[in-house]
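Handing you a structure now.
Quick note: the coordinates plus some simple rules give every number you see, no bench work behind them. Just so we're clear, the structure is a prediction, and the values are computed from it rather than from any experiment. When we count neighbours, we look across all protein chains shown, and the Cβ atoms used for this are built from the backbone with ideal geometry, even at glycine.
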Amino acid sequence: MKKVAIFTSGGDAPGMNACIRASVRGAIYHGVEIFGIYRGYDGMIEGDIEPMNSYSVSNIIQKGGTILKSARSIEFRTKEGRQKAYEQLQKFGIEGLIAIGGDGTFTGAKVFYEEFGIPTVGAPGTIDNDLYGTDYTIGFDTAVNTALDAIDKIRDTANSHNRLFFVEVMGRDSGYIAIRSGIGGGAELVMVPETATSITEVISTLQEGWNRKKTSSIVVVAEGDEEGNAMEIAEKVKSQIHMKDVKVSILGHIQRGGTPSAQDRILASRLGLGALEGLLNGEKNVMAGIINEKLVYTSFEESIGKTKELNQDLIRMVKILSV
Ligand code: F6P
């Protein structure tokens, strides 16, 4: 393989730039030409593709976002869109791809290989940490630290005003950010999509706390919780408790930006190089991941299809530590 291309797709995540840098520098080291595809699959379809060199990735290791930009492509979901993308890659002579993204990105790459035979190796880039085949995804650690920082600040004001706060963190289908930031921030309760927590349970836990003379409480809610988002949950709880000073804080997209943590930069660098070297060694339709400090490759089928279980011990811990 002499010509490869790299792109970022789906929700951006801090550390994606460090990952791009590692793949590009790795390609140069191995004497392979590397191209950058802008705006994910949309850019692939439109031929928004440029050659990259060592300087293209200078001074980006510390930057959030992605220099290649990202998109959630609708057109790539169609056969016609993928046909156009294939033709663009042919124009540039690109033989293999490195995709930094999440399950939607890898689903697209898998179908693309089945139809057009272009191999892809993925690097898990999503703040959600919801991919099977790696202990952590790129951006997760930074997002947790961002959420934690916000929770610490909310605690100050919650305490000053004797208020109950529902803090919503990202996680469409997963509670990883919620559970980690909740434990780190000393939340009374964490609500995640993986475990059912009824409104009755929420009320009784809060009530028990107030009976023990707690004056303020923080409940961290993953946006995809089965009881609804933080706003909806707050409404349900509010109508059934005596405490009327209830506030909601939605952290939103600030969790996706910012300087990547040391952990994310190192993880991203390992995965960027791992994805590139995997591709050059003939790996295809796999995601590079780090499990127990070792670089491993997991098929897209498994990484998309299998669920990475949330550690139930952490859930149990929240309850104990808020006593
Ligand atoms: O997939 C990562 C993620 O940040 C989810 O946690 C969140 O639900 C979603 O992306 C938001 O996506 P968008 O930026 O397209 O609104």
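For the stretch 165-323, what does the alpha-carbon gyration tensor say about shape, rounded, prolate or oblate, given a ≥ b ≥ c as the root eigenvalues, a/c under 1.5 as rounded, and a/b over b/c as prolate?
Working: a/c = 2.61, a/b = 2.46, b/c = 1.06.
In terms of gyration-tensor shape, prolate.
Which of the pairs Lys63/Lys247; Lys3/Lys91; Lys153/Lys308; Lys244/Lys319; Lys110/Lys284; Lys214/Lys244 have their Cα atoms more than 21 Å apart in this structure?
Lys63/Lys247; Lys153/Lys308; Lys244/Lys319
R0 = 30 Å: FRET efficiency of Glu80 with Asn229, Cβ-based, nearest 0.05?
Once the sixth-power term is evaluated, E becomes 0.25.
Check cross-link reach from Lys238 to the aspartates and glutamates: straight Cα distance under 17 Å, and skip same-chain residues fewer than eight apart.
Within the straight-line limit of under 17 Å, Lys238 reaches these aspartates and glutamates: Glu168, Glu188, Glu201, Glu208, Glu227.
Still on this model: Between Asn53 and Tyr29, 0.36 nm times their residue separation minus their Cα-Cα distance comes to what?
7.6 nm
Which one of Gln83, Gly96, Asn53 is farthest out on the positive end of the charge dipole of the stretch 22-141, using unit charges on Cβ (Lys, Arg +1; Asp, Glu -1) and the Cα centre as origin?
Positive-most Cα among the choices belongs to Asn53.
Provide Asp264, Asp156 in ascending order of the number of other Cβ atoms located within 10 Å of each residue's Cβ, fewest first. Mind showing how you got there, number by number?
Details: Asp264 28, Asp156 10.
Ranked by crowding around the Cβ, least crowded first: Asp156, Asp264.
I've got another one for you. Give me Val111, Val121, Val237 ranked fewest to most by other Cβ atoms within 10 Å of their Cβ, as a rough exposure proxy.
Working: Val111 15, Val121 29, Val237 20.
Exposure proxy ranking, most exposed first: Val111, Val237, Val121.
Now for a different question. Can you show me the helix-derived [θ] at 222 nm for the chain, built from DSSP H runs with n ≥ 4 at -39,500 (n - 2.57) apiece and divided by the number of residues, rounded to the nearest 500. Each step should come with its number before you reach the end.
Working: 11 runs with 137 residues, N = 323.
Theoretical 222 nm ellipticity from helices: -13500 deg cm²/dmol.
Kindly express, to the nearest 10 degrees and within the range 0 to 90, the angle between helix 103-116's C-alpha long axis and the longest C-alpha principal axis of the chain.
For 103-116 against the chain, the angle is about 20 degrees.
Taking the Cβ of Ala99 as the centre, find all other residues whose Cβ is under 12 Å away and add up their charges (Lys, Arg: +1; Asp, Glu: -1). Please report the intermediate quantities before stating the final value.
Values: positive: Lys110, Lys284; negative: Asp103.
That works out to +1.
State the percent of C-alpha pairs, over all pairs in the chain, separated by a distance greater than 31 angstrom.
Here the long-distance tail beyond 31 Å is 35 percent of all Cα pairs in the chain.
Now for a different question. What does the extension gain come out to for Arg72 and Gln207, with contour length at 0.36 nm per residue minus their alpha carbon separation? Let's see the in-between values first.
Numbers: separation 135, 0.36 × 135 = 48.60 nm, distance 4.28 nm.
Roughly 44.3 nm would be gained on extension.
For Leu314, project a label point 7 Å along Cα to C-beta. Then give me every residue of the stretch 173-194 with its amide nitrogen under 14 Å of that point.
Under 14 Å, as judged by backbone N against the label point of Leu314, lie 173-187, 190-194 of the stretch 173-194.
In addition: Give the shape of the stretch 142-256 as rounded, prolate or oblate, defined through the alpha-carbon gyration tensor: a ≥ b ≥ c are the square roots of its eigenvalues, a/c under 1.5 means rounded, and otherwise the shape is prolate if a/b is larger than b/c and oblate if not.
oblate
In addition: What distance in nm separates the simple spin-label points at His161 and Asn281, each placed 7 Å from Cα in the Cβ direction?
In this crude label model, His161 to Asn281 measures out at 5.5 nm.
When a/c is below 1.5 the answer is rounded, else prolate if a/b is larger than b/c, else oblate, so apply that to the stretch 1-79 with a ≥ b ≥ c taken from the square roots of the Cα gyration tensor eigenvalues. Don't skip to the answer; put the middle values down first.
Numbers: a/c = 2.41, a/b = 1.29, b/c = 1.87.
Judged from the Cα gyration tensor, the stretch 1-79 comes out oblate (a/c at least 1.5, b/c at or above a/b).
If Lys and Arg each add +1 and Asp and Glu each add -1, what is the summed charge of the other residues whose beta carbon sits under 13 Å from the beta carbon of Met170?
Around Met170, the charge tally is -4.
Dipole magnitude of the stretch 142-256 about its Cα centre, charges +1 at Lys/Arg Cβ and -1 at Asp/Glu Cβ only, in debye to the nearest 20? Could the numbers behind the result be given before it?
Values: 13 positive and 16 negative charges, 99 e Å.
The calculated dipole for the stretch 142-256 is roughly 480 debye.
Same structure, new question: Kindly put Tyr29, Tyr297, Tyr41 in sequence by how many other C-beta atoms sit within 10 Å of each C-beta, fewest to most.
Tyr29, Tyr297, Tyr41
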